[in-house]
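Report on the structure given below.
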Amino acid sequence: MATPTLSKTDQMEAAAAASPFITVTFRIRRFNPEISEESTWQDFQVEIDPKERVLDGLHKIKWDLDGTLTFRRSCAHGICGSDAMRINGKNRLACKTLIKDINPEKPITVEAIKGLTVMKDLIVDMEPFFQAYRDVMPFLVTKGNEPTRERLQSAEDRERFDDTTKCILCAACTSSCPVFWNDGQYFGPAAIVNAHRFIFDSRDEAGEQRLEILNDKDGVWRCRTTFNCTDACPRGIEVTKAIQEVKRALITRRF
Amino acid sequence: MKIHKYDTVIVGAGGAGMRAAIESTKRSRTAVLTKLYPTRSHTGAAQGGMAAALANVEEDNWEWHTFDTVKGGDYLVDQDAAEILAKEAIDAVLDLEKMGLPFNRTPDGTIDQRRFGGHSRNHGEAPVRRSCYAADRTGHMILQTLYQNCVKEGVEFFNEFYVLDQLLVEEDGVTKSAGVVAYELATGEIHVFQAKSVIYASGGTGKFFKVTSNAHTLTGDGQAACYRRGLPLEDMEFFQFHPTGIWRMGILLTEGARGEGGILRNKDGERFMEKYAPVMKDLASRDVVSRSIYTEIREGRGCGPAGDHVYLDLTHLPPEQLDAKLPDITEFARTYLGIEPYTDPIPIQPTAHYAMGGIPTNVEGEVLRDNTTVVPGLYAAGEVACVSVHGANRLGTNSLLDINVFGKRSGIAAAAYAHAHDFVELPENPAQQVIDLVEQLRNSTGRERVADLRLELQETMDACVMVFRTEQTIKTAVDKIAELRERYRNVSVQDKGKRFNTDLLEAIELGNLLDLAEVMAVSALARKESRGGHYREDYPNRDDVNFMRHTMAYREVDADGRDSVRLDYKPVVVTRYQPMERKY
Ligand code: SF4
Ligand code: FES
C-alpha cells in the first residue's frame, strides 16, 4: 500500500457517507397464541439504509413501530447463531443479510424457520434441534491415561475436520431440509456436522459409536442430497459434503 | 412462582459460567441459569486467542506473562491475582486441549502460538508468541468445547431464564447469599432458586455504548443485581476501547490481525504507531493504540470523507495466510463493508469492548462486600467480576484466560462451600422485588420509550466517557444519565403479554444499563488522573500517590428512597513489581 490506490475502500466510504435511506416493506409472519391460534402476515414500512442488516430493520420495527414483534438475537454479526429465519423464502441469519442484497424494491418476507414449532412470531422451540445434537455424542472421547502435556496432532490432521468446527448451531441447515420437515425424527444436517467434527478428529476414539448412532433409521441414510443445507449455512460449511463423508465412513469404516 | 433448590446456581452460560459448571456439576447439584442458549454467549465473539506461556514456539515463562499483565493494566492489577492467572494459564490451555479444543498446531503437532498486543519477552524487550489460538475463532471454539463438555457432564441448564435479583440474608450478623430470583422468558413465570452457592458469570455491560463490539444482550444484569442489593462495584470507570472495530458498526476485528503482521495506517498511508510505540508499534497495548488512533483523527489525518477512521491494512499479507489465520474477520469485511481485504484496507475505529471493572472478588472468586469481607456463598467470575487481573487495561487474550482460570476456581470453590454448609433460609416473599418490577413495567402507561432512552444513553456515553474524557464531558454524562434515570420511571412497554416478552426484558435491561452507566461516570469523575483505559485530558498523567487504588462504588439510598453512588477506595496488591513508567 505504498501508493494508496484505495478504489473499493474509497467507493465504500463515499457511499457510506452519503447514506441514502430508502423505504422498505417488511412482510412478517406474526404468531402469538396468547392472542390467536392463527398466524397472519403483517406489513411494516421502514426507512432504512440498504447497507444495513435485516436485523436492523427488525429492530427498527420493534423499537419504533411495534414492541410486540418478537425474535431472538444477540451478537448481530453472525457468530452466536440466534437469528436464523426464513427471509424471502430462504434460511439466513438476519444479522448477516444486508437489505441491498435481497431486492428491497419488493416486500421482504420474514418468517420463522420451518420444521420446529413456532412459539411466537420468529421464535421456534429449539429443544428438538439441541436434542439431536446431544444425541450424537458431541464431545471428545479418549481412552487410556491423560498425557501431561497436550495431545499431539499434525496440522494436516487438524485441517481434516476444520470446516465442521465452524458450526454455530443456528439450525439454518436442519430447518431447510425437506426430509426434516416431513419427519422431525431425522437427526438433521447440523447434528451430523457435529458428529463429523469428532469422527474425523484424529484424537477421538468414539468414531465407531457415533457412526452406529448415525446408522440408525433416522440417521444419515435419510439424507437425499438436496444441498439445501449447504446453501443455507451462514458459516459456509460444506454441509452436504460432511454428510457424504460420514456415509462413506459408514460403508468403508475408515475415517 | 416456583421454588427450586440446588447446591450451586450459576448465572450465565458463557465461558466462565460453563467452565465453572463443568467443575461444580461433578461435585454438587448444579443449575445453570442463562438468558441465552449456552452457545449464544459473546465468549463466541472472541477471536484472537488465549495467552499462556507454553513456550511451544519460543522461550517464554509465566513470570514474563505476569509482568506484562501488570504493566498492561497500568499497575492497577492485583499482582497476586495476576501471578495466579499467568501460572494457571498453562493448565487452563492444556485442560481445554484435553477437552477437545482444536487449537492450531505447530509443525511438531503442539499448540501453535502467535503474537498479541502487550505480550513481550523478558519484560518488554520484544513481542513474544504467547497466544494459543484456533484460527480467528478461538472464543467460538472455547464456547463450543465447554458446551460439549457440559453435555458430556450432564450439566443442567435453564435456558432463557433472566436472573433479576440476588437474595441476601443476614444470619448471625453475617450477610450471606440465599439464592436468586429469575424470570422465565417463555412463560413470564417467576422462579426462586434457593442455593447454597451462587456464581455470577453473566458477562459485561458494553451496551451502554453505541459503537461497541458487544452483543445486544450485554447489559450488565449480574452487576446490577448485586449493586442494587448494596454490594460494591470495583473500578467501573475502566472500560477498554478496542482499537480495531469495523467503522461505525463496532464489530471486532481481532488484534491477531496485527499479530499476523497487519498495520494501522492514516490517510497518508503512514504507519503511525511507529511514532507512539517505537518498540511494540501496532502491538502496543489497546489503550495506547486506541488513543493513538483518535489522536490521528483529531489532528486531521483520519481517512474517508469525514476523516473519522483509520485503516487496518492487511494487503501485504499473502491471501493464503489470511484464509488460514483470519478467515472470519476477512469475511466480516466482505459481508458488512463490501470490500476485499486481500487488496483493500479496512476502515476501522476504536470500539467499546470490555469492562475491566465489576463485582469485586478474591482469587477464589468469592464476592467482597467491602474491601475485605466476603459474602459467604456468593461468587463471580469472568467479565462480570473484578479480581482484579486486568487493572486499568486488559491485555488481549487475557480475557479468554480469565474466564477459564477463575471460572474453574469459582466452580470448585462454590461446590466445596455448598458441601460444607446448609441452605440459608429464604427471606419472606423472596420474589417480591422482581414481581413489583415486572408488574410496574407491564402496567405502566408512561410515555417514555425504551429505544429512545437507550439511544440517548449510548450517544452520551460515546460522546462523553469514551477514549478521551475531561471533567466537563464526564459531568455532562452524569447529568444526562440522571435525567434519563428520571425519565426511565415513565417508561412503558407495548407488549403486555407473558409469552416471550422481549419488549419487557429490554426495558429491564435498560434499567440495568442506566444504573451501571451512573456508577461508571461517577467513578470516572472522581479519578483525577489518567491510567490505562481511563484517560483524562485534564489530568493526563498517572498519579500513583493519590490514585494507585481501586475504586469501590456503593449504592446509597436516602430516607426518601432516592439513590446515589458513594465512592470508597481499596488498596492495590503489590508483590513483585513497583510501578514504572509505561512505554511500549
Ligand atoms: S452447519 Fe451451518 S447452518 Fe447448520 S447449524 Fe451449523 S452453522 Fe448453522
Ligand atoms: S445475532 Fe448472532 S448470529 Fe445473528
Cα→Cβ-extended label distance, 7 Å offset, between A:E208 and B:F423, nm | 4.6 nm
Whole-number percent relative contact order across chain A, with pairs defined as alpha carbons under 8 Å at least 6 apart = 17 percent
If r is the Cβ-Cβ distance from B:D370 to B:T295 and R0 is 56 Å, what FRET efficiency results, to the nearest 0.05?
-> 0.90
FRET efficiency, B:N541 to B:K475 (Cβ-Cβ, R0 22 Å, nearest 0.05) = 0.60
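For the range B:39-90, just say rounded, prolate or oblate: build the C-alpha gyration tensor, square-root its eigenvalues into a ≥ b ≥ c, call rounded for a/c under 1.5, and beyond that prolate if a/b exceeds b/c, oblate if not.
On the way: a/c = 2.16, a/b = 1.28, b/c = 1.69.
Oblate, since a/c reaches 1.5 and b/c is not below a/b.
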In Å², what does the accessible area per residue of the protein assembly as shown work out to with a 1.4 Å probe?
-> 34 Å²
Which cysteines does chain A leave without a neighbouring Cys Cβ under 4.7 Å?
-> A:C95, A:C167, A:C170, A:C177, A:C223, A:C233
Work out which residues of the range B:484-517 lose at minimum 20 square angstrom of accessible surface when the other protein chains are put back, relative to the chain isolated, with a 1.4 angstrom probe, and list them by number.
-> B:Q494, B:D495, B:R499, B:F500, B:T502, B:D503, B:E506
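Roughly what % of DSSP beta bridges within the protein assembly as shown run antiparallel, to the nearest 5?
70 percent
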Measure off 7 Å from each Cα along the Cα-to-Cβ vector at A:N182 and A:E34, then give the distance between these two points in nanometres to one decimal.
-> 3.8 nm
Accessible surface of B:D221 in the full protein assembly, 1.4 angstrom probe, to the nearest 10 Å²?
-> 30 Å²
Relative contact order of chain B, defined on C-alpha pairs under 8 angstrom at six or more residues apart (%) | 21 percent
Placing one equal point scatterer on each C-alpha of the range B:168-213 and summing with Debye, one gets log10 I(q)/I(0) at q = 0.15, 0.27, 0.30 Å⁻¹ equal to -0.65, -0.98, -1.05
Evaluate the range B:431-584: find the radius of gyration of its Cα atoms, find its Kirkwood radius, and give the ratio Rg to Rh.
-> 1.07
Alpha carbon centre of the range B:361-376 versus the range B:300-325: separation in Å?
-> 44 Å
Cα lying deepest toward the dipole's positive end in the protein assembly as shown, options A:F161, A:F139, B:T335, charges on Cβ | A:F161
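Listed here are the pairs B:K71/B:K528; A:K62/A:K114; A:K96/B:K496; A:K114/A:K166; A:K143/B:K152; which of them are more than 26 Å apart at the Cα?
Over 26 Å apart, Cα to Cα: A:K96/B:K496.
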Distance from the Cα centre of the range B:71-112 to that of the range B:244-269, in angstrom?
-> 24 Å
Using alpha-carbon coordinates, inclination of helix B:15-27 to the longest axis of chain B, degrees | 50 degrees
With only alpha-carbon atoms counted, please give the Rg and Dmax of the range B:76-172, in Å.
-> 18.4, 60
Over the range B:340-411, one equal point on each Cα, no solvent: what is log10 I(q)/I(0) by the Debye formula at q = 0.14, 0.20, 0.26 Å⁻¹?
-> -0.50, -0.80, -1.15
For the A:R253, A:R224 Cβ pair and Förster radius 30 Å, calculated FRET efficiency rounded to 0.05 is 0.80
Taking just the C-alpha trace of chain A, give me its Rg and Dmax in Å.
-> 21.4, 64
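Kirkwood Rh over alpha-carbon pairs of the protein assembly as shown, then Stokes-Einstein at 25 °C and 0.890 mPa s: what D in µm² s⁻¹, rounded to an integer? Before the final figure, lay out each step's value.
Working: Rh = 27.0 Å.
Taking Rh from Cα pairs, D becomes 91 µm²/s.
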Bounding extents of the range B:219-296 in its principal axis frame from Cα atoms, largest first in Å, are 52, 25, 23
Using only Cα atoms, figure out Rg for the range B:89-239 and give it as a multiple of 2.2 N^0.38 Å.
-> 1.35
Roughly what angle does helix B:62-72 make with the longest principal axis of chain B, taking Cα atoms, 0 to 90 degrees, to the nearest 10?
-> 80 degrees
Counting only protein heavy atoms and leaving out ligands, DNA and RNA, the solvent-accessible surface of B:F468 at a 1.4 Å probe, in Å² to the nearest 10, equals 40 Å²
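Normalised by the empirical 2.2 N^0.38 Å for globular proteins, what value does the Cα Rg of the range A:35-113 take?
Numbers: Rg = 12.2 Å, N = 79, 2.2 N^0.38 = 11.6 Å.
So the range A:35-113 has a normalised radius of gyration of 1.05.
What is the diffusion coefficient of chain B in µm²/s, taking the Kirkwood radius over Cα pairs and the Stokes-Einstein relation at 10 °C with a viscosity of 1.306 mPa s?
Working: Rh = 23.7 Å.
Answer, rounded: 67 µm²/s.
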What is the ratio of the Cα radius of gyration of the range A:63-154 to 2.2 N^0.38 Å, where N is its residue count, to two decimals?
-> 1.58
Helix B:432-443 sits off the longest principal axis of the Cα atoms of chain B, rounded to the nearest 10 on a 0 to 90 degree scale, by 80 degrees
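Rounded, prolate or oblate: which one fits the range B:184-237, using the alpha carbon gyration tensor with axes a ≥ b ≥ c (rounded when a/c is under 1.5, else prolate when a/b beats b/c, else oblate)?
Working: a/c = 2.46, a/b = 1.30, b/c = 1.90.
Note, shape of the range B:184-237 comes out oblate.
Rounded to a whole number, what % of the accessible area of the range B:1-52 do carbon and sulfur atoms account for, probe 1.4 Å? Could you put the intermediate results ahead of the total?
Working: 590 of 1230 Å².
Carbon-and-sulfur percentage of accessible area, whole number: 48.
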Treating cross-link reach as a plain straight distance, find the lysines whose alpha-carbon is under 17 Å from the alpha-carbon of B:K2, omitting any fewer than eight places away in the same chain.
-> B:K498
Nearest 5 is fine: what % of DSSP beta bridges in chain B come out antiparallel, could you say?
-> 70 percent
In square angstrom to the nearest 100, the accessible surface buried at the A/B interface, both sides summed with a 1.4 Å probe, amounts to 6400 Å²
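What is the percent carbon and sulfur in the accessible area of the range A:1-109, measuring with a 1.4 Å probe over the protein chains and ignoring ligands? All intermediate terms of the calculation are to be shown ahead of the outcome.
On the way: 2350 of 4700 Å².
Here it works out to 50 percent.
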Compare A:L69, A:L140, A:L93 in a GNM of chain A, Cα atoms joined below 10 Å, and give the one with the largest fluctuation.
-> A:L140
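Can you put A:T164, A:T230, B:T445 in order of accessible area, largest first, using a 1.4 Å probe?
On the way: A:T164 5, A:T230 40, B:T445 125 Å².
The residues order as B:T445, A:T230, A:T164, largest area first.
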Over all directions, what mean area does the Cα convex hull of the range B:1-55 project, stated in square nanometres?
-> 5.4 nm²
For the range A:182-240, convex hull volume per residue from C-alpha positions, Å³ = 84 Å³
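Net charge near B:H123: determine it from the other residues with C-beta under 14 Å of the C-beta of B:H123, scoring Lys and Arg +1 and Asp and Glu -1. Walk me through the numbers on the way to the answer.
Details: positive: B:K71, B:R121, B:R130, B:R576, B:R582, B:K583; negative: B:E59, B:D60, B:E63, B:D68, B:E125, B:E581.
Result for the neighbourhood of B:H123: 0.
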Restricting to lysines and to Cα separations under 18 Å from A:K100, and discarding same-chain partners fewer than 8 apart, the set is A:K8, A:K51, A:K60, A:K90
Reduction of at least 10 Å² in accessible surface, 1.4 Å probe, comparing all protein chains with the chain by itself, residues of the range B:134-166 | B:R137, B:H140, B:M141, B:Q144, B:Y147, B:Q148, B:V151, B:K152, B:E160
Whenever you get a sec, line up B:E189, B:E459 from highest to lowest accessible area (probe 1.4 Å, protein heavy atoms).
-> B:E459, B:E189
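Given a cut-off of under 8 Å on Cα pairs at least six residues apart, what relative contact order in percent is computed for the range B:480-584? Could the numbers behind the result be given before it?
On the way: 85 pairs, mean separation 17.4, N = 105.
Answer for the range B:480-584 is 17 percent.
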Other-chain or far-sequence residues with amide H under 5 Å of B:R129's (modelled H) = none
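With +1 on the Cβ of every Lys and Arg and -1 on the Cβ of every Asp and Glu, and nothing else charged, how large is the dipole of the protein assembly as shown about its Cα centre, in debye rounded to the nearest 20?
Values: 105 positive and 123 negative charges, 284 e Å.
For the protein assembly as shown, the charge dipole is close to 1360 debye.
The values are calculated or read from the model by the stated rules, or taken from the named source; none is laboratory data. On a predicted model such as this, the values are computed, not experimentally measured, just so you know. FYI the Cβ positions are ideal-geometry reconstructions off the backbone, even for glycines, and counts take in every protein chain you see. Just so you know, the surface numbers come from the protein's heavy atoms only, side chains and all, with ligands and any DNA or RNA stripped out. Shrake-Rupley method; radii C 1.70, N 1.55, O 1.52, S 1.80 Å.
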